[in-house]
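The values are calculated or read from the model by the stated rules, or taken from the named source; none is laboratory data. A quick note: this is a predicted structure, and the numbers were derived from the prediction, not measured. Here the Cβ positions follow ideal geometry from the backbone for every residue, glycine too, while neighbour counts run over all protein chains shown.
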Amino acid sequence: MGEVVTQVLGPPVTEIVLGCSELTTRQINSRLRDLPDGSVVRITGARGTHNLAVGLRHRLAITIEGNAGYYTAGLSDGPDVTVEGSVGWGLAENLMRGVVRVRGNASESAAATAHGGTVIVHGDASSRAGISLKGGTLAVAGDVGHMSGFMAQAGTILVGGDAGHALGDSLYEAVIYVGGKVRSLGSDSQIEDLTDADVRRVRDILDVAGRDAGFDHVDPENVTRVASAKQLYNFDALKNQRY
Amino acid sequence: MCGIVGLHLKDPALEPRLGELLVPMIEDLTGRGPDSAGLALYDRSVPDGSLRWSLRAPAAGYDWSTLADSLAQEIGQPASVQIRADACLLTVKAPADQVRLRLGEIAPHVTVVGCGEAMTLYKDIGTARQICDRYGIELAGGYQGAGHTRMATESAVTTRHSHPFSPAPDLALVHNGSFSNHASIRRRLEDGGVAFETDNDSEVAARYIGDRLEQGDSLDDAMRMVLKEFDGFFTLLVTSRDEFAVVRDAFACKPLVVAETEAYVAVASEYHALATLPGIDDARVFEPQPEEVHSWVKS
């Protein structure tokens, strides 16, 4: 075990502080959009404010103090967002690129329709986590609620704890890995054998999530792979090339 | 979309501050329901054996004293009134059915919003801020409260259609969501003799629970029966003199956040409505799972 040494290159970056009690959500998001790549920002006094750090298209390192509300870091393409508390519905909805990390719990529909990027929840995520995922990665260290992975089209969901009812209902090409128990499978999802490629995929996600993210209990060689049984899903990309 | 808030105090020291704590909570959810708002508040100031009636006048400047005098004469018991804007709290020592009947005869245009040994109920068209200001909610004390901000989706915007609905003394229900089979359940209840005041779907759930309680169900059981019988989306908060209970539908389509400390249980549709409460940073915060009834009983 070697120690990770982070070397900071270039001039030190000053942290910009934006306070939710002084600025409206619109002003905060507008200020974020105007910052240059590489800026480091701390958002204070969130207290459940919705729509923080949304629609950002560049590389920012944003920390949100306390709990944030709905759609945190949604519709974004590039930023690295950390919420120190919990978040409401629709975390990182439609994320295109970047890393969104929540140290507490996430409410319903975390990472909904995320096309890319990585969403890491250190605690639990509620119902419909990863609903309609389109290519991103959702990693939840704790449990997820019912109907998680519903109609997920592409990408990966890793659940460190247990999954609620109807996991992976109407799945397409997304794959779900569960460290704990699966309460029940949804329509057309099935448990499949774990391959070496799956183990590598889980290991890669754990590397990105980092050591302090609460995934210590997850053994990449001992997770349950859930994927589409393809009885409802009949699209054939090669047949007639029409859909 | 509608907003729900509720506060059930465990620490008596907070009771003088009930209104002061509830007003920012309900006001915070104005965005979820800007067309009407209402609150059911519970306190212990009603003398034993009496009921306090929450009434609304047909117009401002209504002569409540004359109404109280006529009622007192009819039933042979003194009746006292407290007037707040167009609302009146009338306290009288007589059975609910008798008072309701007499009020209907003496003052058919007066709206009975609710009654109880502990509950007062205010509701009207307008924003939560307007309603709280009009009825002086900020100054109200008590041990429990349930509030609602309404964005009407299926029936008219009137005082009667707004929440909370009170189907029985001291019983109040607030609902976020919509029921799809309420008409069938309404017909069945009507066949059994239950009377309705509006065509609102939430009133059906309120009357259904009221009916189950009258038949001997506990509040928890009555709410579990809602899960069995009602189709649709709902988060419900139901309060009675001693109880405070919540439930969410099978899909958890409508939100609810619970925060519990040694001093209180607070619920709200969204977390930021709870963020102003004392000690919230150390509260146990959770979302009720689908089809789980959570209830707290006043000790």
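Remarks
- The sole residue among B:L14, B:L7, B:L41 that is outside any loop (DSSP other than H, G, I, E, B), surrounded by fewer than 23 Cβ atoms within 10 Å (Cβ to Cβ) and in contact with a strand residue (DSSP E or B) (Cβ under 9 Å, 6 or more places away or on another chain) is B:L14.
- Test result for A:M147, in contact (Cβ under 8 Å) with a residue 12 or more places away in the chain and more than 12 Å from every other protein chain (Cβ to nearest Cβ): no
- In region A:44-71, the residue that is nearest to the chain's Cα centre (by Cα) out of those that are within 14 Å of chain B (Cβ to nearest Cβ) and of a type in the set (V, I, T) is A:I64.
- Apart from one condition, A:I191 fits all of (1) at positive phi; (2) modelled with pLDDT of 95 or more; the exception is (1).
- Every residue from region B:246-276 that is assigned to a loop (DSSP other than H, G, I, E, B) and either away from every other protein chain (no Cβ under 11 Å) or not aliphatic (A, V, I, L, M) (or both): B:D249, B:F251, B:C253, B:K254, B:P255, B:T261, B:E262, B:A263, B:S269, B:E270, B:T276
- Unmet criterion (only one of (1) touching a residue at least 40 places away in the same chain (Cβ under 8 Å); (2) surrounded by 24 or more Cβ atoms within 10 Å (Cβ to Cβ); (3) within 14 Å of another protein chain (Cβ to nearest Cβ); (4) within 13 Å of the chain's Cα centre (by Cα)) for A:L133: (3)
- Of all residues in region B:277-299, those satisfying the criterion of being part of a loop (DSSP other than H, G, I, E, B), farther than 15 Å from A:G145 by Cβ and within 12 Å of another protein chain (Cβ to nearest Cβ) are B:L277, B:A283.
- Counted as qualifying within region B:59-158 are the strands (runs of 3 or more DSSP E) with 1 or more residues that are surrounded by 22 or more Cβ atoms within 10 Å (Cβ to Cβ), in contact (Cβ under 8 Å) with a residue 40 or more places away in the chain and small (G, A, S), namely B:87-92, B:111-116, B:144-150.
- Candidates A:G78, A:G98, A:G74: the one that is outside any loop (DSSP other than H, G, I, E, B), buried (at least 24 other Cβ atoms within 10 Å of the Cβ), away from chain B (no Cβ under 14 Å) and of a type outside the set (V, I, T) is A:G98.
- All positions within region B:256-299 that are farther than 21 Å from A:G123 by Cα and of a type in the set (F, W, Y): B:Y264, B:W296
- Residue within region B:252-273 that is under 24 Å from B:T153 (Cα atoms), touching a residue at least 12 places away in the same chain (Cβ under 8 Å), touching a Phe, Trp or Tyr at 6+ places or on another chain (Cβ under 6 Å) and among the aliphatic types (A, V, I, L, M) present: yes
- Residues that are touching a strand residue (DSSP E or B) at 6+ places or on another chain (Cβ under 7 Å), small (G, A, S) and touching a residue at least 40 places away in the same chain (Cβ under 8 Å), drawn from region A:164-178: A:G168, A:A174
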